[in-house]
Each structure stands twice: as structure tokens, then as C-alpha cells.
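Enquirer: Have a look at this one before I ask anything.
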Amino acid sequence: MLEPGAIWLDTDGAPIQAHGGGVLYRNGTYYWYGENKNAENVADPAGTGAFLDRVDVIGVSCYSSQDLLHWKNEGVVLPAVADDPAQDLHSGKVAERPKVLYNVQTGKYVLWLHIDTADYKYARTGVAVSDQPTGPFEYLGSFRPNGAESRDMTLFQDEDGVAYLIYSAEWNATTYIAPLTDDYLSTRGEFVRVFEQQYREAPAVFKHEDQYFMVTSGCSGWAPNEAQYAVAPTVQRPWTVMGNPCVGPDADKTFHAQSTFVLPVAGKAPGSFIFMADRWNNKNLRDSRYVWLPMQIEDDRLTIHWRDRWDLSEFEQRL
């Protein structure tokens, strides 16, 4: 059974550390990548005795599963760099929201993530590659895609193999959508601006039948807020905002969580998707929890109902 908001343990009995993450399904196995925050919050350097709302970067964790319930820890597949403050992955910087795609043409697993400085003014995307889903990943560097700031971001791979970077730009005021090059290592130099001046972050994109859906969060720091979703006939536009998909207690706060990814469940009925979100604990980030919930889609209507406990038979009943 899945229990949203509970402590989730890996097959070794340790709490799973895969925050702000996403899942890749490949050859019968799910690979869950996320931020490893298994450290104490950083002490205030001013010596006040307080702690900051951050931990030093550890790196990107990977977990594998065949059933979405039992997760094996595959280790830190893109580790932090401890001894060079100039490096993007230095422990004193920011490495968030990792997402991985498999590129059929190159045979590479490609990881993108948000790279930043502690003041969030660097605002770049980093890229890494590996021959195996469990790494190790080789870090290739970072850049500002299309010359724009990039903070919260995600990847989406369409059925034709074309992949897209979706990211919050202009200090989160506007969302950019940019197709990637064929090797998935950069953007093509073209993009569209959507949700202008709407201040959305934490995008999660998926396709059902002939429509594209995007779930986003508002901008309220670590505090939860009301999610919204939008639909479009193509990945890039036009996007129509539909409202809050959440239903149930604390739906106006996205069940005290924030979107990170939408996971298509393999081998189930069409429309079997899991909404993945993080319940952040900014005072003890290593204890942030996961909120995974089944999604219901009818035409362009998306709903996410709260469940205290649920399992994948939710989707089997739809066959």
C-alpha cells in the first residue's frame, strides 16, 4: 500500500532520499531520481544558533523498483563536489529537481537538473549523461537555456521522441517551453513563453490521448499553496488554465505538498497516472515526505483526490 505523507523506506530499511524527483521507466524497471537531502540543515553562519532552510548538496540519488512499492537504493549517481567551490555541483550550491530521459538515438541516459547558487541568482540548467540508468553520470556543465534564467524545471518526452525542457524563467514570472536537440544535451534555440506574469513553478507535464496537461505550483517559498493545471493541444501552446485539480482535505494547499512529476503506470489502463509531490519540511529537509496519488482524467478534466492509503488496484479497476 502507498501511504502519502508517511516515511517511505527503501529495501534496506532506510528512508528514501529522492526529493524533487522524477521517474524513468525502462525495460520493466522504474528508476526514481531525486535530491539526496540526508544531512542536517546548515547552521546559520552568523552564529545565531539557528539553522538555514537548506542542506549542503549531496547529489542525485537513484532507486529502482519493479512494482512502485519496493525501492532498491542504487546510490548517489551524480555526487556533489566537496573540494572546489567553483564547481556547479559544489556542496555549498544548489542542485535540484533532477529528471532523466533515455535517448534511443544515442543510447545514453540524459539527466537535467536545476543548478544554482545559494542566493538563486545563478539560475542555470545542468546536464549529465550515463550509459546505464544507475549511473554513474558524467557531468557536462550548465548553461542558461535560450539565454534565460532557469529555476524549477522538468523534462517531457513526446511519443515521437522529441523532448522538451519546461522551466520557470524571469524570476518565475513566466514559464518557458523549449524543444531539445536530438541528443537531448541542449536546447534548439527556439522556445515559447506561457503563463506570463503568473508566477508558476514546479511544473509536471504529461500527455493523455490527444491532450497535454501541465500541473504547476504557485510561488510561496517552502510553504504549500494551491496547485493549478492547464491543458493544450500541443506541447508548446496554447495552454488553457483549468484551475485546481485537487479534491479533499487541504486541497487548497495541494495536500501540504508541491508537484514534481506525473508518472505513467506501465501495463495499466490508458489514463493510469500517479501525481508525485513533495511535502517539504524546511526545518528538517531530510524528513521531507512524498505524496503520491492516483489521477482521474475525463476529457480535459483532471482531478486528484486525497487518499490516506491506496494501491495500484486503483488502476486495474479501470480496465
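Just so you know, all these numbers are worked out from the coordinates, no wet-lab data involved. Please read these numbers as outputs of a predicted model, since none were measured by experiment. Neighbour counts run over all protein chains shown; Cβ positions are idealised from the backbone, glycine included.
Enquirer: For labels at Asn225 and Asp83 in the simple 7 Å Cα→Cβ model, what's the distance in nm?
Expert: The two pseudo-label positions are separated by 4.2 nm.
Enquirer: By per-residue mean of other Cβ atoms within 10 Å, what is the highest-first order of 236-248, 118-130?
Expert: Details: 236-248: 15.7, 118-130: 17.6.
The packing order, highest mean first, is 118-130, 236-248.
Enquirer: State, to one decimal in nm, how far the label point of Ser313 lies from the label point of Glu40, with both points 7 Å from Cα in the Cβ direction.
Expert: With each label point 7 Å from Cα toward Cβ, the separation is 4.5 nm.
Enquirer: Between the range 270-289 and the range 141-167, how many Å separate their Cα centres?
Expert: The range 270-289 and the range 141-167 have Cα centres separated by 21 Å.
Enquirer: Given the C-alpha atoms of the range 160-303, compute the convex hull and give its volume per residue in Å³.
Expert: Values: hull volume 19.6 nm³, N = 144.
Here the figure is 136 Å³ per residue.
Enquirer: Listed here are the pairs Lys72/Lys253; Lys99/Lys253; Lys207/Lys283; which of them are more than 27 Å apart at the Cα? Walk me through the numbers before you get to the answer.
Expert: Values: Lys72/Lys253 31 Å; Lys99/Lys253 24 Å; Lys207/Lys283 35 Å.
With Cα atoms farther than 27 Å apart: Lys72/Lys253; Lys207/Lys283.
Enquirer: Using the Cα centre as the reference, give the magnitude of the dipole from point charges on the C-beta atoms of the chain (Lys, Arg: +1; Asp, Glu: -1; all else neutral), rounded to the nearest 20 debye.
Expert: Details: 27 positive and 43 negative charges, 36 e Å.
Roughly 180 debye, rounded to the nearest 20.
Enquirer: Moving on to the next point. Starting from the Cα of Glu190, step 7 Å along the direction of its Cβ; do the same at Arg54; then give the gap between the two resulting points in nm.
Expert: With each label placed 7 Å out from Cα toward Cβ, I get 3.7 nm.
Enquirer: Taking the C-alpha atoms of the chain, how large are the radius of gyration and the largest Cα-Cα span, Dmax, in Å?
Expert: 18.3, 59
Enquirer: Please give the length that would be gained between Gln132 and Leu69 if that part of the chain were fully extended, namely 0.36 nm times their separation in residues minus their C-alpha to C-alpha distance (nm, one decimal). Walk me through the numbers before you get to the answer.
Expert: Values: separation 63, 0.36 × 63 = 22.68 nm, distance 2.22 nm.
Result: 20.5 nm gained on full extension.
Enquirer: Can you give the helix-only mean residue ellipticity at 222 nm for the chain, where every DSSP H stretch with n ≥ 4 adds -39500 (n - 2.57) and the sum goes over all residues, rounded to the nearest 500 deg cm²/dmol?
Expert: On the way: 1 runs with 4 residues, N = 319.
That calculation yields 0 deg cm²/dmol at 222 nm.
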